[in-house]
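Here the structure is laid out as structure tokens; the discussion comes afterwards.
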Amino acid sequence: MIGIELASRSEVGARTYNEDDCRHGGLPPYRFAVVSDGAGGHSNGAVASDLVVRTTALGLQRAAEFSAHVLRDTIAQANDAVNAGQQGLKAHQRMHATVVCLWVDAAQQLALWGHVGDSRLYRVRRGCAQPLTRDDSVVQQMVDAGFIRPEDARHHPRKNQLIAAMGMEEALPIHVSEQAQLIQDGDAYLLCTDGWWDHLDESDLESTLDQAQTAQQWLDRMADLVAARQQPNQDNYTAVALWVGNPGETTRIG
């Protein structure tokens, strides 16, 4: 069975409290990682992200089979938990959250992932980083339609406006990889909120991985870059790393 290493890092940034949340774990051969970015009046964003990660983690820990169907249902249950928590809240207090989740079967060397919102999943394979999710955002729609260039999206004034989030009243679009994907020895996966990825590009993920001996070191080096580049109103920034084998060593050899 291939080795899996997990690590996490969450920072408040320049905000007064942290509305991000994350969790990782699982019993072999299954391992999972989940990240959520909450939003809502009176600190309800922290409640929303907590509900998302706790419900998702519990669902995957109890799963009887490794399948896209189970992952989709688990995310739907997390959405139900957030909506149940809306009872008694006024309109300006409504809470929402993103979610991005990675689920791995180390014995079969397979991975499934799902997301809602603009928290992202990246994979670095053989030294090359690529996003595995597409943001549920107004700006991503503008990029897809050709109205703006991808390189302009990061600085667009509507970059934080989502078109889907956990806790929305409308039908929720849950994006799940329909078929499990093979993982490879040396793969490095990064799940992160927008406060993290907003200050990093793919080359930063690659260069920091090349300098890291452990998954925690990789996160710490990226967090240092975020801290160095952050703006006065820096958002919370949170990430979970999942390493397959030893990606840092694989990158240096390659």
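The values are calculated or read from the model by the stated rules, or taken from the named source; none is laboratory data. Please read all numbers here as calculations on a predicted model, not as lab measurements. Cβ atoms come from the backbone with ideal geometry, glycine included; neighbour counts cover every protein chain shown. Ligands, DNA and RNA are excluded from the accessible area calculation, which covers all protein heavy atoms including side chains. Shrake-Rupley method; radii C 1.70, N 1.55, O 1.52, S 1.80 Å.
Pull out the extension gain between D224 and E170, defined as 0.36 nm times the separation in residues minus the alpha carbon to alpha carbon distance; nm, one decimal. Provide the component values of the computation, followed by the final result.
On the way: separation 54, 0.36 × 54 = 19.44 nm, distance 3.84 nm.
Once the chain is fully extended between D224 and E170, it gains 15.6 nm.
In debye to the nearest 20, how big a dipole does the chain give about its Cα centre with +1 on each Lys and Arg Cβ and -1 on each Asp and Glu Cβ?
Details: 21 positive and 33 negative charges, 44 e Å.
Here the chain has a charge dipole of around 220 debye.
Please go through the range 1-62 and write out the chymotrypsin sites (Phe, Trp or Tyr not before Pro) that DSSP classes as loop and that have at most 10 other C-beta atoms within 10 Å.
Counting only loop positions with at most 10 other Cβ atoms within 10 Å, the chymotrypsin sites (Phe, Trp or Tyr not before Pro) in the range 1-62 are Y17.
With the full set of protein chains in place, find how many percent of the accessible area of the range 23-73 is carbon and sulfur; take the probe as 1.4 Å.
Numbers: 1190 of 2240 Å².
Answer for the range 23-73: carbon and sulfur cover 53 percent of the accessible area.
Which of G38, G25, G117 moves most in a GNM of the chain, Cα contacts under 10 Å?
Of the options given, G25 has the highest mean-square fluctuation.
For the range 1-160, rounded, prolate or oblate, judged on the Cα gyration tensor with a ≥ b ≥ c (square roots of eigenvalues), a/c < 1.5 rounded, else prolate if a/b > b/c?
Oblate is the answer for the range 1-160, as a/c is 1.5 or above yet b/c matches or exceeds a/b.
With a cut-off of 8 Å between alpha carbons and a minimum separation of six or more residues, what is the relative contact order of the chain in percent?
27 percent
If you roll a 1.4 angstrom probe over the protein chains with everything in place, what fraction of the accessible area of the range 159-254 belongs to carbon and sulfur, to the nearest %?
45 percent
Just from its helices, what would the mean residue ellipticity at 222 nm be for the chain, if runs of 4 or more DSSP H residues each count -39500 (n - 2.57) and the sum is divided by every residue, rounded to the nearest 500 deg cm²/dmol?
The per-residue figure over the chain is -9500 deg cm²/dmol.
Please work out the FRET efficiency for the pair A84 and Q213, using the Cβ-Cβ distance as r and a Förster radius of 41 Å; give the result to the nearest 0.05.
It comes out at approximately 0.40.
Of the listed peptides 88-94, 109-115, what is their order by residue-averaged count of other C-beta atoms within 10 Å, with the highest listed first?
Averaged packing, sorted descending, gives the order 109-115, 88-94.
Looking at the chain as a GNM with Cα springs under 10 Å, which of C192, C22, C128 has the largest mean-square fluctuation?
Its mean-square fluctuation being the largest, the pick is C128.
In square angstrom, what is the accessible area per residue of the chain with a 1.4 angstrom probe?
Accessible area per residue, the chain: 45 Å².
What is the gain in length, in nm to one decimal, between R54 and A68 on full extension, counting 0.36 nm per residue of separation less the C-alpha to C-alpha distance?
On the way: separation 14, 0.36 × 14 = 5.04 nm, distance 1.91 nm.
Length gained between R54 and A68: 3.1 nm.
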